[in-house]
Amino acid sequence: MTKKPNPSTDIQAASQLTIDGVEGIVDIVEAMYYTITRFGGLFGSSEKKRTTGITGFVFLVIRKVLGLVGGGLDVLLNKLSLVIQDKESTPAREAVLSALNGVLGDYLTKKKNPLAISMKLKKNGKAITFEDNIFSESIKKLNGKIVLLVHGSCMNDLQWNRQGHEHGIALANDFGYLPVYLHYNTGLHISENGREFANLLETFINKIPQPTELIIIAHSMGGLIARSACYYGKLLGYNWLNSLQKLIFLGTPHHGAPLEQGGNWIDNILEISPYSKPFSKLGKIRSTGITDLRYSNLLDEDWKGLNRFELSGDPRTPVPLPKNVQCYTIAATISKEPNKFSDGLVGDGLVPLKSALGQHNNPKMNLLFPEHHQWIGRNMKHLDLLNHPDVYEMIKKWVKN
């Protein structure tokens, strides 16, 4: 007889994991504190170091106290909140917040912690206000042409700029699109973000005083958020879907990521930066957004009432690609030549080829991208999709068509 999932047991288990891992979490936050207060290079070296002086004494006391009582995570996050909020907004600070929200964003939101990221549309790193006349004039000058970029797990809008290249800026220069960026809490359920994204787009499009040509380019988890938004947008009868012309996916795990099925997604994705690397030690203390990546749940029904840490089959409701939208997908693989193992399991290091191409053995799940709407980049890793010249050439070709 199969035992039914028990949400209260799940919560107790997560709480126990938190208490059991308190000392390790103190180490993580202390390492974060050390890195934040010194702000080294965003992609530079990050050797774990102990804080000294008064700060070192404080962390020593915290370790002693938390050995006796629970609730340690709140204490530490509140302390980290004070440290981060004292800093001006910089790419390094935003990287810290994005990584933290990717791993614990659902917890931060539930606790109303000021570190929780709220969803916004941004340009040049600043939130867009729909009453901004300068922004409205910019759209009018470009005949309503907008490219909206949606980042992936544990990342943010500024990280589209990689190694001197940025797809949005390049499309602005080549085709005259206005680049706009979604910034969201990647630790929340994909369906929660998808619904909020759909609502935000409806407000956005209704504020624009002219017809709009909208293209969405989405990397990794961002593609799942976009698909979920299309589903909820259609369900709610929203107008913005009439403006959406093209949807381009970059390394999106349409059918899940084996690394999350093995619980290792964090260890891999958070190795990107010294600011996020300490969080890779959190193991099972990981957000609903990350566990959604196991099978890439797009709808509330895919996760409600289920124990997200329990081994189970694929619970998803099939969600086809949106109608009347030209959809394209780019997959990457680390292998230079076709290789059954690398392509089938490893892919770009996080997402296998079949998942990124939307292929599935179940015909109801198969996304059926037209052959000329698919492209495979070889000898590439997951993040190379953000800046590889061959990737941009394909994006440019599809935008031009």
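The values are calculated or read from the model by the stated rules, or taken from the named source; none is laboratory data. Note that the structure is predicted; figures quoted are calculated from it, not measured. No Cβ is skipped: glycine too gets one built from the backbone with ideal geometry, and neighbour counts run over all protein chains shown.
Condition check: assigned to a helix (DSSP H, G or I) and closer than 21 Å to Tyr392 by Cβ. Does Ala198 satisfy that?
For Ala198, the condition - assigned to a helix (DSSP H, G or I) and closer than 21 Å to Tyr392 by Cβ - is not met.
Condition first: closer than 20 Å to Leu158 by Cβ, of a type outside the set (Ser, Thr, Tyr) and touching a helix residue (DSSP H, G or I) at 6+ places or on another chain (Cβ under 9 Å). Now tell me which residues in region 115-131 satisfy that.
Listed by number, the residues that qualify are Leu115, Ala116, Ile117, Met119, Lys120, Leu121, Lys122, Lys123, Gly125, Ile128.
Cβ-Cβ distance below 8 Å, separation of 6 or more or different chains: which pairs start in region 167-191 with a residue that is on the phi > 0 side of the Ramachandran plot and end on one that is outside any loop (DSSP other than H, G, I, E, B) and surrounded by fewer than 20 Cβ atoms within 10 Å (Cβ to Cβ)?
Gly176/Lys145
Looking only at region 381-401, which residues are modelled with pLDDT of 95 or more and not charged (D, E, K, R)?
Leu385, Leu386, Asn387, His388, Pro389, Val391, Tyr392, Met394, Ile395, Trp398, Val399
Hey, can you tell me all the residues within region 325-348 that are surrounded by fewer than 23 Cβ atoms within 10 Å (Cβ to Cβ), of a type outside the set (Asp, Glu) and modelled with pLDDT under 95?
Those that are surrounded by fewer than 23 Cβ atoms within 10 Å (Cβ to Cβ), of a type outside the set (Asp, Glu) and modelled with pLDDT under 95: Ile334, Ser335, Lys336, Pro338, Asn339, Lys340, Phe341, Ser342, Gly344, Leu345, Val346.
Could you tell me whether region 297-304 includes any residue that is of a type in the set (A, V, I, L, M) and modelled with pLDDT of 95 or more?
yes
So, in region 201-222, how many residues would count as being part of a helix (DSSP H, G or I) and either more than 18 Å from Ile139 (Cβ to Cβ) or acidic (Asp, Glu) (or both)?
Result for region 201-222: 3.
Only one of (1) surrounded by fewer than 18 Cβ atoms within 10 Å (Cβ to Cβ); (2) under 29 Å from Thr288 (Cβ atoms) is not met by Val351, so which one is it?
So the condition that Val351 fails would be (1).
Which condition from (1) under 27 Å from Ala332 (Cβ atoms); (2) among the small types (Gly, Ala, Ser); (3) modelled with pLDDT of 95 or more; (4) not in a helix (DSSP H, G or I) is the one that Gly237 breaks?
Going through the list (1) under 27 Å from Ala332 (Cβ atoms); (2) among the small types (Gly, Ala, Ser); (3) modelled with pLDDT of 95 or more; (4) not in a helix (DSSP H, G or I), Gly237 breaks only (1).
Could you list, in sequence order, all residues of region 167-193 that are among the acidic types (Asp, Glu) and crowded, with 21+ Cβ neighbours inside 10 Å?
Scanning region 167-193 gives a single hit, Glu192.
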